[in-house]
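Data first, discussion second: the structure below is written as structure tokens.
Coordinate-derived values only; no laboratory data. Computed from a predicted model, the values in this text were never measured in an experiment. Here the Cβ is made from the backbone with ideal geometry for all residues, glycine too, and neighbour counts use every protein chain on show.
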Amino acid sequence: MSHPSPNFDLIRSLHSKLYNNHPQTPLIPLPDLARQLGCAGVYVKDESERFGLPAFKVLGASWGLCSALAERVGVDVLDLEGVGREARGRDIRVYAATDASTVLGGERNHDGDNGTCNHGRAVARVAKQLGIPAIIYVPTSVKEWSREAIRSEGANVVVVDGSYDEAVRRAAADCAGAGGLLVQDTSWEGYEDIPLRIVHGYSQLFYEVDSQLPHAQSASHVVVPVGVGSLAHAAVLWYGPTLTDIITVEPTTAACLRTSLLAGEITPIETGHTIMPGLNCGTVSRLAWPDLRGKIKLENALVVGDDEVERAMEDLESWGVMAGPCGAASLAGLRQLQPRLTGSDVVVLICTEGRGRE
């Protein structure tokens, strides 16, 4: 099934209009590490705080919600006041389900955030900016402080006595009954449009990387943590026409992408314990798979152990980057890449999370 190409300029314009008071997240140079590795440059894209929220997920929620809602009400997506006004006039509400360890039919939707209901909170934030109600469904496993973080964005939180799967089913059913808009970052058969829009929204991150690199440099390698592959999918869509290599990093206990690349088809796996909960995923996204298979070389699909990631967290902290395990996985993967680096290579590490609340 073919999907429409993203309009990167329009996505960037929307984020600029929504968040014009927020600077880009930092791209931090690590010259000492570059010297150690023998390459021209190493940079960390630090996504521990994005538009006032603790993860990059709001990039996808913004574009996914606003573009789908604008299309539904027939208003230009950049006319945010008009989109909100028309949606309120039609009594449209936004629905989503979220969890600290999101699973749907065996497919987790995390991709390297710290497991603090970031998707649900991001959807709530965008709905508040548009002035429309948001109803966020969470299973009982979600802690009260996470629920309060979502409520702080003005959303109504519905606690479902059951699993995340049940929360998604409740959200989808209630949304359909009320004529609302379901903004979910996990796809399933018959529900792919908005999840793909969410992936497209992540392109803002990679645009910023390219614009923040020194003028004479461009990324030869971009290292991305992988859960189900949504963020890597966004990287592939952004860098597809270029020579930039996308390097993916998974836990040794949850290498669903590498396993699938070896098999030549999506291959679900049983996962084990890891300190990287946001990457502990057993099935590659069906939506991402065709593009990942076409762009990610097997030798660039790396796996890392918990010990390697703990060392990477310590090293990043010494350089002033307070990365969580999923974010530090990129550095752990880079160390494996060292023998293949040349003196002209420029590497960008995507740090998807800061230190989460215990």
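Descriptive notes on the structure:
- For the stretch 285-353 versus the stretch 169-209, the gap between their alpha-carbon centres in whole angstrom: 26 Å
- Fluctuation leader among Ala234, Ala70, Ala122 - the chain, Gaussian network, Cα springs under 10 angstrom: Ala70
- Acute angle (nearest 10 degrees) that the helix 80-89 long axis makes with the longest principal axis of the chain, alpha-carbon atoms: 40 degrees
- For the chain, share of DSSP beta bridges that run antiparallel, in % to the nearest 5: 20 percent
- Contour excess over end-to-end distance, with Cα ends at Lys17 and Glu148 and 0.36 nm allotted per residue: 44.5 nm
- Angle between the chain longest axis and helix 203-212 axis [Cα atoms, degrees, rounded to 10]: 40 degrees
- Between Leu243 and Phe8, the modelled labels are 1.7 nm apart [label points 7 Å from Cα along Cα→Cβ].
- Gain in span if fully extended, Arg35 to His273, counting 0.36 nm per residue against the direct Cα distance: 82.3 nm
- The length gained by stretching the chain between Lys128 and Arg85 to full extension, at 0.36 nm per residue less their Cα-Cα distance, is 14.2 nm.
- The residue among Val309, Val226, Cys175 whose Cα reaches farthest toward the positive pole of the charge dipole of the chain, with charges on the beta-carbon of Lys, Arg, Asp and Glu, is Cys175.
- Each label point was placed 7 Å from the Cα along the Cα-to-Cβ direction; for Glu314 and His215 their separation is 4.1 nm.
- Cleavage-rule hits, trypsin sites (Lys or Arg not before Pro), the stretch 266-329, DSSP coil, Cβ neighbours within 10 Å at most 14: Lys297
- Under 22 Å from the Cα of Lys57 - lysines, other chains or at least 8 residues apart: Lys17, Lys45, Lys128, Lys143
- Cβ-derived FRET efficiency at R0 35 Å, Asp161 paired with Leu262, nearest 0.05: 0.30
- Other residues within the sphere of radius under 11 Å centred on the Cβ of Ile275, judged by their own Cβ, net out at -4 (K and R +1, D and E -1).
- For the stretch 194-336, size of Cβ-based charge dipole, Lys and Arg +1, Asp and Glu -1, in debye: 540 debye
- Among Leu349, Leu182, the order by Cβ neighbours within 10 angstrom, fewest to most, reads Leu182, Leu349.
- Loop sites in the stretch 204-275: GluC sites (Glu not before Pro), DSSP, at most 15 other Cβ within 10 Å: Glu265, Glu270
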